[in-house]
Amino acid sequence: MASIKVKGTISRVFYEGKGLEVVEAYETKSGETINKRYTVWLKQPGLFDVGQVVAVEGLYSSEIDNWTNKEGESKQSIKVSINNPQVTPADPIAMIKSIFEPTHSEPMPF
C-alpha cells in the first residue's frame, strides 16, 4: 500500500471519534480553490474537534463511490481513505496556547 501525507482542516468527526473527514484546500494556477476530502480511520477514538488543522500521514486506499445527485443523475466519485494514520496538530504551539487561554472574561475575584 502507498503512503500519503496531507495537511487540512477537520470538517467532521464520526464513528464515535474513530473517523475524521479532513479537507485539504489548495489553489490552482487559475486561482480556483479546490477542496480534497479524505476519510481518516483511527484505531482508537481521538480527541479531535471540527475546525482543527492537522497533519495526517498513513496508508492510502481508495474506492469508487456511486451516488445520485439532487437532479436524479447517477454520479461517481473516488473516496480516499487514510488508514493506520499518525495525526498531529499542524500548529502544536497554537494548540497548547488554546489550552491555557481563559474561558471567561470576568475579572478575577482577588
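Below are the figures for this structure:
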{"read-out": "q = 0.11 Å⁻¹: log10 I(q)/I(0) that the Debye formula gives for region 1-100, counting C-alpha atoms only", "value": "-0.39"}
{"read-out": "For region 43-95 and region 1-36, distance of Cα centres in Å", "value": "6 Å"}
{"read-out": "Solvent-accessible area per residue, Å², over region 19-94 with all protein chains present [probe radius 1.4 Å]", "value": "70 Å²"}
{"read-out": "Estimated FRET transfer efficiency when R0 is 30 angstrom, pair K70-W41 (beta carbons, to 0.05)", "value": "0.55"}
{"read-out": "Mean Cβ count within 10 Å, highest first, over the residues of peptides 67-77, 29-39", "value": "29-39, 67-77"}
{"read-out": "Accessible surface of region 1-43, 1.4 Å probe, proportion on carbon and sulfur as whole %", "value": "47 percent"}
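The values are calculated or read from the model by the stated rules, or taken from the named source; none is laboratory data. Values in this document were obtained by computation on a predicted structure and should not be read as measured data. Heads up, the Cβs are rebuilt from the backbone with ideal geometry, glycines too, and the neighbour counts pull from every protein chain shown. Keep in mind that these areas ignore ligands, DNA and RNA; they rest on the heavy atoms of the full protein, side chains included. Shrake-Rupley method; radii C 1.70, N 1.55, O 1.52, S 1.80 Å.
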